[in-house]
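Bear in mind these aren't lab numbers, they're just calculated from the coordinates by the rules spelled out. Small disclaimer: the values here were computed from a predicted structure and weren't measured. Note: ideal-geometry Cβ built from the backbone for every residue, glycine included; neighbour counts use all protein chains shown.
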Amino acid sequence: MSSDTTTLANPVTFDAILQNARELKGYLRSESDEIEQTGCLTPDVLSRLIDAGVFRMSMPSDWGGPSLSSLEQLKPIEALSEANASVAWSVMRGSDAGLYAGFLDDQIARDLYPHLDMVQSGSIIPAGIAEEVEGGFKVSGEWRYCSGAKYADMIGVACRVLRNSHPVLDAEGIPESRMVLAPSAHWKLLEGNSMTGLRGTASHSLTTVSEYLVIPREHTFSIAYPQRQGPLYAGPDATLLKMAGVPLGTARGMLD
């Protein structure tokens, strides 16, 4: 393990978080072999990233978070990817906690995300089923490539919505899907996925710990109806802009 003693800034602004990401590059390069061998961020790497504030990037400003736009988040992700693409990808996916919070009632969101450095995992591919029941949904299925699921605090997965065993259609006749949220203890990890070039992302499959989960409706959301305003919620693909930081940083790192 590295003996790096990098001092990190208080991660409350874009500039501080970007500075922290740049400060970690040497340390992350020294940890790359272990990340590759274990297929996951090491506990020390995860701790350093949390201290750097990169998982809180999308947390709302009225919670004390930085509330960075997707384009702003791109820059720290790019800096991390110059050192290790698996780390950058893990941060890109794991920093969605604040984004998801913006689709929920504020008090519900604060209950589900009680501190700023919550790590998010899951899948936006509607591979599961959410059957309507009184007050919520009965959720089942299997979701692949859930990056960071080994150490995430909260899991969010997309489901196709059923009512009386039939798909629920929206006003345009398109089958409805919803994101459902539950703490990581409610999910079972299924290892075995292969991630070429991103082996250290712990991108395993997830399923429910029992035959199904019953999740309250207020712990679910449609990406079409954010509860907050701002650049992160400008459209269903607004948050995906930050993904470009991974290949940009990888390319820049190859040139260094």
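Output the 0 to 90 degree angle, nearest 10, between the alpha-carbon long axis of helix 25-38 and the longest principal axis computed from the alpha carbons of the chain.
60 degrees
Could you tell me which of V157, A171, A130 has its Cα farthest along the dipole of the range 119-221 towards the positive end, charges placed at Cβ (Lys, Arg +1; Asp, Glu -1), taken about the Cα centre?
V157
Taking the Cα atoms only, what angle lies between the long axis of helix 85-94 and the longest principal axis of the chain, rounded to 10 degrees?
The two axes meet at around 40 degrees.
With label points built 7 Å along Cα→Cβ from the Cα atoms of D51 and K188, find their separation and express it in nm.
3.7 nm
In whole Å, largest first, what are the principal axis extents of the Cα atoms in the range 103-154?
31, 29, 15
Where does the range 155-211 land on Rg/Rh, using Cα atoms and the Kirkwood Rh? Can you show the working numbers first?
Working: Rg = 15.1 Å, Rh = 13.8 Å.
Using Cα coordinates only, the ratio equals 1.10.
Angle check, please: helix 14-23 long axis (alpha carbons) against the longest principal axis of the chain (alpha carbons), in degrees 0 to 90, nearest 10.
Value to nearest ten degrees: 60.
Using the Kirkwood formula on the Cα atoms of the chain, what hydrodynamic radius do you get, in angstrom to one decimal? Don't skip to the end; give the middle numbers.
On the way: mean 1/r = 0.0539 Å⁻¹.
Computed over Cα pairs of the chain, the Kirkwood hydrodynamic radius comes out at 18.6 Å.
Can you tell me the length gained on complete extension of the stretch R110 to S61, counting 0.36 nm per residue apart and subtracting the Cα distance? Walk me through the intermediate numbers first.
Values: separation 49, 0.36 × 49 = 17.64 nm, distance 1.29 nm.
Length gained between R110 and S61: 16.4 nm.
Just to check, using Stokes-Einstein with a Kirkwood Rh over alpha carbon pairs, what's the diffusion coefficient of the range 1-76 at 4 °C and 1.567 mPa s in µm²/s? Before the final figure, lay out each step's value.
Numbers: Rh = 13.0 Å.
The Stokes-Einstein estimate is 100 µm²/s.
Suppose R0 equals 30 Å. What FRET efficiency, 1/(1 + (r/R0)^6) with r the Cβ-Cβ distance, do A244 and V133 give to the nearest 0.05? Could the numbers behind the result be given before it?
Numbers: r = 40 Å, r/R0 = 1.33.
Using R0 = 30 Å, I get an efficiency of 0.15.
At 0.36 nm per residue, and after removing the present C-alpha to C-alpha distance, how many nm does the segment from T13 to D256 gain when stretched out fully?
Contour length minus the Cα-Cα distance gives 84.8 nm.
Using only alpha-carbon positions, what ratio does the radius of gyration of the range 119-221 give when scaled by 2.2 N^0.38 Å? Mind showing how you got there, number by number?
Numbers: Rg = 13.8 Å, N = 103, 2.2 N^0.38 = 12.8 Å.
Rg over 2.2 N^0.38 Å, computed on Cα atoms: 1.08.
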